[in-house]
Amino acid sequence: MRASGYSVTALQRHGYVFVAPTLILFSVFLIYPMLSAFDLSLFDWNLISAKRFVGLKNFRLMLQDPMVVNSYVRTLSFCALTVIATNVLAFVFALMLQSNLAKAKNFLQSLIFLPVVLSLVAVGVVWELMFQSTGLISMAVRSIFGFSPAWLTDTRAAPYAMVIIATWKSVGFYMIMYIAGLLDIPETYYEAARIDGAGFWRQLTRITVPSLRNTFVLTIVSSIIFSFGQFAIQYVITKGGPSHSTEILALLIYRQGFELYKFGYSSALSVLFFMTLLVFSVIQLKLMRAGE
Amino acid sequence: MITSLIFACAMVWGVPKITLIHYHWTETTYDPIIQKAVKAFEAKHPNVEVKVIFLPDADRANVIRTVLASKGDIDSFALSNGEAPEFYEGGQMLPIIPASFGKKSVDDVVKMWNPGSFETVGAARDGAYYGVPFELSNFVAWINTADMKEVGLDPKRDIPKTWEDFAAVAGKLVKKQGGVTVRNGFMNNSKAGVFNVIVLDTIMEQLGLDWSTEKGLLASMDKPDVLARGLRTYTDLVTKSKVWEPAFADNDREGFGNNKTATFMTGGTWYWGVLDTYSVKRADVQPFAFPRFKDGKDLGGVGYGFALFVSKLSKHPDLAFEFLDTLASYPNDFAAKGLYQPREKLSTGSMAIDAAVARKSIPYYDEVFKPELGKTSRMLSSTKSTPVMDAQWDAISRVIFEGVSVDDSVAKMRSEIKAIFQ
């Protein structure tokens, strides 16, 4: 018998070689910029004058800045509404498309998934036109209800317009995740339930929902993280207006850096952003491990 | 033959090629003129290659900042008078080198341009000269005369002269179908605050406030009644006379060009070239002087400009200034497309701008643009311009988007602006 040419140590060394390119790219384009942002948050800098060390001043200002409070609240509200709407709709679509009664399932699945693959900027431009007072949405709402809100220029309506667009854009993605979860549930469970006389709601609450626990955790936490980091829709359509009513945290970070040239303060805000997402990620990990 | 070969090699390898990199905004109407200037300069300097980095105007200042911060390759760049102060503060520009213009002194260079133009376009600071004036513009009001005739107004007689007239005329020009606005009487950009602040600034200066200096701006914060009158004059166009429905369209320049609004107020001479890319015809358009207050100062729209600067990072500042001189030597080409450059003489001594070209190429140049250029209002040009403008736009936004009262909005603006200068 020939002696093996590989020891465990050699295998490990080869493993590092394979992982190295990704690790290097990750370090250069993710870790290093992140650490730089932490460092920059301790300075006052507009890129063209000398950097000035200010310690924790940016963080102190952040806690007192009403714009930051407004942005944080707006972000949490946008996040909550989008997550609820997206996940409820995605779950309902998944149930409908997995039902034996549904016709043309593949076509409908593709149709619902289509917005996911569209460019966010293109989506923003088209929806902006639709939301204008003579746009499709406003005309349709007016014809049904007799009036239409000023979707993009009323501070009460604009945040909901953003939720509608974000939900429309992402519901297809989560629908696919729910469909995958549903396919994983053995059909025998439902057969046994039907034999025992369980109707649709009982099957849903006693079999489907408990079996999809991990899928729910994954989709809900993923959608929280994704919607918390939303930027493009608000940037393209409202630029945070009207009157800061759609100025979510990512947009505030951008404005502070690239419009007000306060890169130190902007970095401090991005640290807050990072910490918030870190909390959500840790919760997701704990919930998924508990599910195992 | 061998000698020719050696000579050719020396030409290619012996003389090192110098590359100059210039950052400029892109505008399809004017880019070919810049390319023409580049070719002329390269023909004069065969060992120099000029690369012009054309950028969308909204990104230009940020890209320039990033290049300067990373000490990248940059020899010269274009900035507006509003953008220049922060760059001056950072010591990013070099003072003018007279020899690059073929002159002995800076004064001789300055005399080649209209008096006062260096200061207006931000090319001078604290008595020293850094930039080359490239554009001098002033905002005037614009009206669609075809729309006027449609509603029974006479373009010869009914052009508004006061803010009250303006609201009345704009009110007649509003068009609705089924209760929905399909043409605004007036509109401004409802997403970008700067265009609204341009108009508000003019109104405030007409009311006697000095919003062009930090000291004057702060002093004006102690005159809440005047501030309220100025803010109300502007916001009433939305909330009271309802000549502007922000939900209908958001971009005034595009809106005017496509007849979504009958008037707007943020176009200079250059707008003629922009208008040609839209559906409204030049023949149906007339610029006019900004409205005035009966009891206010005789001031027109904001005057502003762009200058070309040589970066402190430039390895060939003398050549870079010479290139900028060349770039600013085509005022007639630019005037033919509607862009006014305040240059009187070229470095060769010959006349720069031909007034007849300006008159022929810029409609209403003598009747509107030139007289108004002599009495422009000015915006704040300081390192705190951007946060101040934010506070001013917030004041407008609170009234027109949130329904806050003018007095409450003024009170908040006063505290925000005072806090900026603390």
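The values are calculated or read from the model by the stated rules, or taken from the named source; none is laboratory data. As the structure is a computational prediction, the values presented were derived from the model and not from experiment. Heads up, the Cβs are rebuilt from the backbone with ideal geometry, glycines too, and the neighbour counts pull from every protein chain shown.
Here is how the numbers come out for the structure above:
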item: Test: residue in the stretch B:102-117 that is surrounded by fewer than 20 Cβ atoms within 10 Å (Cβ to Cβ), away from chain A (no Cβ under 14 Å) and within 19 Å of residue A:49 (Cα to Cα); result: no
item: Of all residues in the stretch A:217-234 being free of Cβ contacts under 8 Å to residues at least 60 places away in the same chain and part of a helix (DSSP H, G or I), the one that is farthest from the other protein chains (Cβ to nearest Cβ); result: A:225
item: Odd one out for residue A:194 among (1) over 28 Å from residue A:218 (Cα atoms); (2) assigned to a helix (DSSP H, G or I); (3) at pLDDT 95 or above; result: (3)
item: Single unsatisfied condition, residue A:64 versus (1) under 26 Å from residue B:416 (Cβ atoms); (2) loosely packed, with under 11 Cβ neighbours inside 10 Å; (3) at pLDDT 95 or above; result: (3)
item: Selected residue [away from every other protein chain (no Cβ under 14 Å) and part of a strand (DSSP E or B)] from B:50, B:38; result: B:50
item: Count - residues of the stretch A:17-60 that are within 14 Å of chain B (Cβ to nearest Cβ), crowded, with 16+ Cβ neighbours inside 10 Å and not in a loop (DSSP other than H, G, I, E, B); result: 3
item: Any hit, the stretch B:366-377, residues being within 19 Å of the chain's Cα centre (by Cα), touching a residue at least 40 places away in the same chain (Cβ under 8 Å) and in a loop (DSSP other than H, G, I, E, B); result: yes
item: Some residue of the stretch B:415-422 being assigned to a loop (DSSP other than H, G, I, E, B), within 14 Å of another protein chain (Cβ to nearest Cβ), without any contact (Cβ under 8 Å) to a residue 24 or more places away in the chain and farther than 25 Å from residue B:187 by Cβ; result: yes
item: Filtered residue count, the stretch A:94-135, keeping only those that are polar (S, T, N, Q) and either within 14 Å of another protein chain (Cβ to nearest Cβ) or farther than 30 Å from residue A:179 by Cα (or both); result: 3
item: Failed condition for residue A:214, given (1) more than 14 Å from every other protein chain (Cβ to nearest Cβ); (2) in contact (Cβ under 8 Å) with a residue 40 or more places away in the chain; (3) within 28 Å of residue A:44 (Cα to Cα); (4) not small (Gly, Ala, Ser); result: (3)
item: Residue that is away from chain B (no Cβ under 14 Å) and either among the aromatic types (Phe, Trp, Tyr) or buried (at least 18 other Cβ atoms within 10 Å of the Cβ) (or both), where the choices are A:273, A:263; result: A:273
item: The stretch A:136-180 - residue that is among the charged types (D, E, K, R) and under 27 Å from the mean Cα position of the chain (by Cα) and, of those, farthest from the other protein chains (Cβ to nearest Cβ); result: A:169
item: Test: residue B:395 is within 14 Å of another protein chain (Cβ to nearest Cβ), of a type in the set (Gly, Ala, Ser) and buried (at least 22 other Cβ atoms within 10 Å of the Cβ); result: yes
item: Verdict on residue A:251 being in a helix (DSSP H, G or I), within 14 Å of another protein chain (Cβ to nearest Cβ) and buried (at least 21 other Cβ atoms within 10 Å of the Cβ); result: yes
item: Residues of the stretch B:291-305 satisfying the condition of being more than 19 Å from residue B:366 (Cα to Cα) and either modelled with pLDDT of 95 or more or basic (Lys, Arg) (or both); result: B:292, B:293, B:294, B:295, B:296, B:297
item: Single unsatisfied condition, residue B:135 versus (1) within 14 Å of another protein chain (Cβ to nearest Cβ); (2) in a strand (DSSP E or B); result: (1)
item: Any hit, the stretch A:181-194, residues being under 30 Å from residue A:129 (Cβ atoms), in contact with a helix residue (DSSP H, G or I) (Cβ under 6 Å, 6 or more places away or on another chain), surrounded by 20 or more Cβ atoms within 10 Å (Cβ to Cβ) and of a type in the set (Gly, Ala, Ser); result: no
item: Per-region count, the stretch B:280-290, residues under 15 Å from residue B:138 (Cβ atoms) and either in a loop (DSSP other than H, G, I, E, B) or modelled with pLDDT under 95 (or both); result: 2
item: Failed item, numbered, when residue B:146 is tested on (1) more than 14 Å from chain A (Cβ to nearest Cβ); (2) of a type in the set (A, V, I, L, M, F, W, C); (3) in a loop (DSSP other than H, G, I, E, B); result: (3)
item: Qualifying position, being without any contact (Cβ under 8 Å) to a residue 24 or more places away in the chain and not aromatic (Phe, Trp, Tyr), among A:247, A:259; result: A:259
item: Per-region count, the stretch B:172-190, residues within 11 Å of chain A (Cβ to nearest Cβ) and either of a type in the set (Phe, Trp, Tyr) or in a loop (DSSP other than H, G, I, E, B) (or both); result: 4
item: Among (1) over 30 Å from residue B:58 (Cα atoms); (2) within 14 Å of chain B (Cβ to nearest Cβ) - the single one residue A:287 does not satisfy; result: (2)
item: Extreme residue, farthest from residue B:272 (Cα to Cα), among residues of the stretch B:319-351 that are touching a Leu at 6+ places or on another chain (Cβ under 9 Å) and of a type in the set (A, V, I, L, M); result: B:319
item: Candidate set: the stretch B:351-362, residues that are modelled with pLDDT under 85 and assigned to a loop (DSSP other than H, G, I, E, B); chosen: the one nearest to residue B:103 (Cα to Cα); result: B:352
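Matching residues to (1) in a strand (DSSP E or B); (2) charged (D, E, K, R); (3) within 14 Å of chain A (Cβ to nearest Cβ):
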| position | (1), (2), (3) |
| --- | --- |
| B:242 | no, yes, yes |
| B:278 | no, no, no |
| B:306 | yes, no, no |
| B:309 | yes, no, yes |
| B:314 | no, no, no |
| B:322 | no, yes, no |
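Yes/no per residue for (1) among the aromatic types (Phe, Trp, Tyr); (2) closer than 30 Å to residue A:32 by Cβ; (3) in contact with a Ser or Thr (Cβ under 9 Å, 6 or more places away or on another chain):
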residue	(1), (2), (3)
A:209	no, no, no
A:219	no, no, yes
A:225	no, yes, yes
A:254	yes, yes, yes
A:264	no, yes, yes
A:272	no, yes, no
A:283	no, yes, no
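Matching residues to (1) assigned to a strand (DSSP E or B); (2) within 14 Å of chain A (Cβ to nearest Cβ); (3) more than 30 Å from residue B:255 (Cβ to Cβ); (4) modelled with pLDDT under 95:
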residue: B:67; (1), (2), (3), (4): no, yes, yes, no
residue: B:73; (1), (2), (3), (4): no, no, yes, no
residue: B:79; (1), (2), (3), (4): yes, yes, no, no
residue: B:96; (1), (2), (3), (4): no, no, yes, no
residue: B:99; (1), (2), (3), (4): no, no, yes, no
residue: B:158; (1), (2), (3), (4): no, no, no, no
residue: B:170; (1), (2), (3), (4): no, no, no, no
